[in-house]
1. Which of the GluC sites (Glu not before Pro) found in region 71-112 are in a DSSP loop and have at most 14 neighbouring Cβ atoms, other than their own, within 10 Å?
2. With a cut-off of at most 16 other beta carbons within 10 Å, and DSSP calling the residue loop, which trypsin sites (Lys or Arg not before Pro) in region 57-122 qualify? Please list them.
3. Greater than 31 Å separation of Cα atoms is the criterion. Which listed pairs, Lys222/Lys310; Lys222/Lys278; Lys40/Lys100, meet it?
4. List the lysines whose alpha-carbon lies under 17 Å from that of Lys280, not counting same-chain residues fewer than 8 positions away?
5. Mind giving me the FRET efficiency for Ser327 and Gln184? R0 is 41 Å, r the Cβ-Cβ distance, nearest 0.05 is fine.
6. Using only Cα atoms, locate the centre of region 303-329 and the centre of region 76-94, then give the distance between them in Å, rounded to an integer.
7. Roughly speaking, what is the stretch gain from Thr7 to Gln261, that is 0.36 nm per residue apart minus the C-alpha to C-alpha distance, in nm to one decimal?
8. Ignoring ligands and nucleic acids, what accessible area does Thr323 show with a 1.4 Å probe (Å², nearest 10)?
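The values are calculated or read from the model by the stated rules, or taken from the named source; none is laboratory data. Bear in mind the structure is a predicted one, so any value in this text is a computation, not a measurement. As a convention, Cβ positions derive from the backbone with ideal geometry for all residues, glycine included, and neighbour counts pool all protein chains shown. Quick note on the areas: whole protein, heavy atoms, side chains included, nothing else; ligands and nucleic acids left out. Shrake-Rupley method; radii C 1.70, N 1.55, O 1.52, S 1.80 Å.
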Amino acid sequence: MKTHNVTVTERVINHPHNERAIARNVKADTLHAEFDDEWKGANSWIAVFSNGGTVKRISMTVTNGAATVTIPWECLERPGALYVSFVGYLSGNARIVTQKMARPFLVVESGEVDGGAAADPSPDVVMDALAAVNESKASAAAAEASAKASAGAADESAASAAAAKRFAESAEQSASSSATSAKQSASDASKSAGAAKKAEDSAAAAKESAEGCAVKAEQAVKDAGAAKETSDAASERANQAAASASGAASSANAAASAALQIANNVAQGAAGSSDMAKQKQQIAELYGEIANITGDFRYSDGVIYCPSSKVSASGSALTFGSTCTASGTSITLK
């Protein structure tokens, strides 16, 4: 290892006369520099080597006023003048630089060498700094791309959250509407059950009344039988009364069966308005027959059933028998 010595005083580089370096040596020449006290106050130092158009900047460390660096082999690649300068960086962006060498090192021709350059490029602080800057730029670009991708993902997540919120609001509205419909259905079912119960009660009352009529009819048959010898006409009327009573009883049974069927349908949620109308019609027919058999006026669910023996109809006019009386706006039916 060949060491070349220099001293730096008052920012001027001095070295022994006739100091030479031989070209094409690689990492075999070092430069040892001794600095005055001014350089001890620097925070960092650089040695700049140049030979022709080749320039290399090498970082170095000054310890106890001295530093040793390897001369870049690129600056010894060809014969010529080898210049070196030193740069020191102080605090507050201050910088000190040596004067250009009045006597550069002489790089002399070497003997024949087999092959070309035999080493990797020497480090250069400027190139290293540029590489670090480029690496920082690449890292910044990658970070920016990652940030944009994250922002895109965040936007997609926000859109998905908004869609989920709209779906939840729609589901809530549907649930509220379903609950309202269910309440209405329950109310309708309750009303239908009440109507069916009322119809069942009316049918039961009609049946009871019809059974009473049947008893009266049977009594009338007995009375007619006792009087048959004296009045065939009375016997005929008794037979007719019995037939009417039997029909009334059958109608009552049919009405009671229909009422029971409607009640069951209501309980099962299958009763309809046509079923209720049919039941009312059967009850009306039953009360009409009862009125004709007994000769009495009958009242049920807002309707007066008149016996044909006491009321006759012509068009929209009714003619009441002598048993019925009127006083002012009141009519007494007997």
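1. Counting only loop positions with at most 14 other Cβ atoms within 10 Å, the GluC sites (Glu not before Pro) in region 71-112 are Glu109, Glu112.
2. Those that pass, being in a loop and sparsely packed, are Lys100.
3. From the list (Lys222/Lys310; Lys222/Lys278; Lys40/Lys100), the Cα-Cα distance tops 31 Å for Lys222/Lys278.
4. Those lysines meeting the cut-off are Lys191, Lys197, Lys198, Lys207.
5. 0.25
6. 140 Å
7. So the extension gain works out to 78.8 nm.
8. For Thr323, solvent-accessible area is about 60 Å².
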